[in-house]
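To start, the structure itself, in structure tokens.
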Amino acid sequence: MDGDAGQTNKIGGRVLAAASVTVVLWASSFISIRSSGEHFGPGALAFGRLAVASLVLGVILLIRRGGIPPREAWLGIVTSGALWFGAYMVALNWGEREVDAGTASMIVNVGPILMALLGGWLLKEGFPPKLMAGMAVSFAGAVVVGFATSGGGGSSLLGVLLCLVAAVVYAVGVVLQKPTLKHATPLQVTTFGALTGAVVCAPFAGQFVSEVGKAPASATAQVVYLGVFPTALAFSTWAYAISRSTAGKMGSTTYAVPVIVILMSWLFLGEVPGWLALLGGLLCLSGVAVSRMRGKVREQAPVDPVAGPVGAEAEAAAESTR
């Protein structure tokens with residue numbers, strides 16, 4: 001038993017370390033997107049980032065002889081890759097042209113509540129009162145952010161809406177990725193997901209090449225950074241962690257992202273959200289916290305709203321031993 005407990009703690013420590021790497025690198029991506037977005041269009045930036053990530057991950061996959069994912073995994077890889085890697089990055093890049101990095105990160109982190117909502121709809125698990133209450137609070141927060149950033153014009157409000165779109169596809173991507181990891185390795189899922197996203201963004205390849213020739217070296221270096229670290233590395237550590245945990249639990253770890261983003265944005269960009277936008281962002285995150293609140297402990301652990309019925313009982317039992 002002691003050996004089993006030690007092994008469990010060791011795995012738990014690795015999951016925590018992987019999640020921490022993901023959170024910090026994803027937070028840094030909001031800063032790099034905001035900065036490099038001055039020189040690259042949303043689609044071009046997404047293509048460049050994914051092209052770099054695909055190259056790096058492809059080389060690692062070949063070196064480690066990771067192989068090709070089995071047939072059962074391809075539907076999840078392609079759909080999550082197109083949405084999470086492709087659509088998410090374009091929407092976020094575009095949104096950050098209109099709102100500051102801190103505000104964008106707070107809006108995008110509505111994602112965990114959307115994961116629970118999708119679980120209630122797609123997996124027929126119902127809509128608990130706390131989920132509906134959390135949705136109402138988060139929606140109110142998004143409205144406050146919209147009013148705070150609109151300034152009487154429509155451009156910043158568009159940025160808020162684009163960040164909400166990014167949150168939606170992020171949530172869908174996680175829901176699709178979790179069961180896919182039962183059939184393929186985290187490296188396979190991340191590599192071919194990034195490649196799928198690059199293919200989706202391929203229409204922007206010509207624009208990217210043109211803008212590289214005009215952009216300063218520092219902006220191009222940031223694109224490379226986005227591809228290597230927040231994408232190739234961070235998405236790999238995320239896939240590793242979520243394959244050994246629950247999607248709902250992993251989603252909650254991203255609550256720390258906005259705090260880190262606001263600090264980094266202040267240090268490197270000199271940007272801090274206004275008080276009203278900050279209040280709206282905090283409402284968004286509070287709604288997520290309300291939706292994830294647990295009731296009294298029951299004898300039987302509840303099924304995770306995102307992981308679904310497939311293997312959910314085993315995950316709940318594993319969580320209870322940690």
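The values are calculated or read from the model by the stated rules, or taken from the named source; none is laboratory data. Bear in mind the structure is a predicted one, so any value in this text is a computation, not a measurement. Please note: Cβ atoms are built from the backbone with ideal geometry, for glycine as well, and neighbour counts cover all protein chains shown.
Among residues of the range 26-60 being over 15 Å from VAL90 (Cβ atoms) and among the β-branched types (Val, Ile, Thr), the one that is surrounded by the fewest Cβ atoms within 10 Å (Cβ to Cβ) is VAL59.
Flag: SER105 matches the condition of being out of contact with any His (no Cβ under 9 Å at 6 or more places or on another chain), at pLDDT 70 or above, under 27 Å from VAL290 (Cα atoms) and not in a loop (DSSP other than H, G, I, E, B). Of all residues in the range 115-125, those that are in a helix (DSSP H, G or I) and either at pLDDT below 70 or surrounded by fewer than 24 Cβ atoms within 10 Å (Cβ to Cβ) (or both) total 7. Within the range 92-102, the set of residues being at pLDDT 95 or above and surrounded by fewer than 24 Cβ atoms within 10 Å (Cβ to Cβ) comprises TRP94 only.
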